[in-house]
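See structure below.
What follows is calculated from the coordinates using simple rules that are stated; it is not laboratory data. Small disclaimer: the values here were computed from a predicted structure and weren't measured. When we count neighbours, we look across all protein chains shown, and the Cβ atoms used for this are built from the backbone with ideal geometry, even at glycine.
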Amino acid sequence: MHIPDGFLDAKTAVATTVLSVAGVSFALHRVRRTLPPKKVPLLGLSAAFLFAAQMVNFPVLGGTSGHLIGSVLIAALLGPPAAVVVVTTVLIVQCLVFADGGITALGANVFNMGLTATIVGSGVFALLTRVLKGRRGQVAAIAFAGWFATVLAAIACAGELAASGTIGWRVVFPAMTGIHALIGLGEGALSAVVFMAVVRTRPDLAPTRNAPSVPSSLPDFVGLGLLVTLGVVLFVAPFASPWPDGLEAVAARLGFAHRAVTPVLAAPVADYHLPFLGASRVSAAVAGLIGCLTVFGLALLLSRALVTEHEHVAGSAP
């Protein structure tokens, strides 16, 4: 669902950029005030895992593929503000380093997947967990909320395309909603599986007030998570579905794919292929490794800077 350059007009690109800057700024403010120092490494791990997971396109229907957005999953484990920061970090690296999503459309992509999917999806998850009790209720809630967030992000994308005059609303709305309703099933299933795996290992990360203590240390968990993430990048991502994703398939079917233009700035690892390795599985694996380490480092540095400031403010209080 990464919108490329050329699909949006100037007014839509500027409007979504302004909204995204405001939303991400508020999320950073909330992370600075609420993120416990011990959870700082989890932002880096979440960003690395999300980058790896988004490289794994799964086949859907009719030559179309989809991939995990992960906004609701991260929000359930770390909270919505941290999820906004994590998803935004991944989107920025994907755009600038891998040409996955256009620079002029970065604000729209952050608005759709980083803000809309995260905030509304996590709200749906919170409401459902009040009705569906226990761990099974949480798993069912995250599955539905993940599906809902995917469809909602697709609707937001359709609205931006229609507002830009790229394609009519009555045409693009059912096309985007229909295919992403199917992709959302994969989103919900993957979110539920990863959520169960995480909370079984670290039940203290489950969204409950009285979290049980666990014997394993957080550094051990982060190390294990990085090993799993690197395993996904090296041994799963190179074999991902080559079919176009939902937006690409809709653009080709509705006849506006030609509007995509060459990015303003050339990405060093465009299309997840290193120039000296070509379009090979080895190239995709190495590119994924570079991306995971990059987003891990950026998210970790950012969160450490924010928490350091938070600790300073807290320590200066009377």
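Take every Cα pair under 8 Å whose residues are at least 6 apart in sequence, average their separation, divide by the length of the chain, and the relative contact order is 31 percent. In this simple spin-label model, placing a label point 7 Å from the Cα along the Cα-to-Cβ direction at both Val282 and Leu61 gives a separation of 4.0 nm.
Annotation: extensible slack from Leu185 through Lys38 equals 49.6 nm (criterion: 0.36 nm per residue apart, minus Cα-Cα distance). Packing here is the average count of other Cβ atoms within 10 Å per residue, and on that basis the peptides 56-65, 149-158, highest first, run 149-158, 56-65.
Around Ala99, with a cut-off of 11 angstrom between Cβ atoms, what is the net charge of the other residues, counting Lys and Arg +1 and Asp and Glu -1? Charge balance near Ala99 sits at -3. Inter-label distance, Arg130 to Arg259: 4.0 nm, where each label sits 7 Å from its Cα along the C-beta direction.
Each distinct pair of alpha carbons in the chain adds a 1/r term; the inverse of their mean, the Kirkwood radius, is 19.8 Å.
In segment 1-131, inverting the average of 1/r over every pair of distinct C-alpha atoms gives 15.3 Å as the Kirkwood radius.
Once divided by 2.2 N^0.38 Å, the Cα radius of gyration of segment 19-60 becomes 1.54. Distance from the C-alpha centroid of segment 53-90 to that of segment 252-288: 20 Å, rounded to the whole angstrom.
Helix content alone sets the calculated 222 nm mean residue ellipticity of the chain: runs of n ≥ 4 DSSP H residues at -39500 (n - 2.57) each, divided across all residues, give -22500 deg cm²/dmol.
For segment 31-84, what number results from the quotient of the Cα radius of gyration and 2.2 N^0.38 Å?
Dividing the Cα radius of gyration by 2.2 N^0.38 Å gives 1.38.
Modelled spin labels at Ala10 and Leu301, positioned 7 Å past Cα toward Cβ, are 3.3 nm from each other.
Once the Cα atoms are used to define both axes, helix 117-131 deviates from the longest principal axis of the chain by about 50 degrees. Taking the longest Cα principal axis of the chain as reference, the axis of helix 281-315 is set at about 50 degrees.
I'd like the projected area of segment 241-287, averaged over all directions, using the convex hull of its alpha carbons. Report it in nm² with one decimal. Average projection, Cα convex hull of segment 241-287: 4.1 nm².
Based on the Cβ-Cβ distance of Asp220 and Arg170, what FRET efficiency does E = 1/(1 + (r/R0)^6) give at R0 = 41 Å, to the nearest 0.05?
Between Asp220 and Arg170 the formula returns 0.15.
Could you rank the peptides 232-241, 293-302, 76-85 by their average count of other C-beta atoms within 10 Å per residue, with the highest value first?
On the way: 232-241: 18.0, 293-302: 20.1, 76-85: 24.5.
Result, highest mean Cβ count within 10 Å first: 76-85, 293-302, 232-241.
Per-residue Karplus couplings for segment 178-187, computed as 6.51 cos²θ - 1.76 cosθ + 1.60 with θ equal to phi - 60°, are listed in order as x, 6, 7, 5, 6, 4, x, 5, x, 4 Hz, Gly and Pro entered as x.
Exposed loop sites here are trypsin sites (Lys or Arg not before Pro) in DSSP loop states with at most 12 other C-beta atoms within 10 Å. What is the longest stretch of the chain lacking them?
1-132
In the frame of its principal axes, segment 135-234 has Cα extents of 56, 33, 20 Å, reported largest first. Charging the Cβ of each Asp and Glu at -1 and of each Lys and Arg at +1, and nothing else, the dipole of the chain about its Cα centre rounds to 900 debye.
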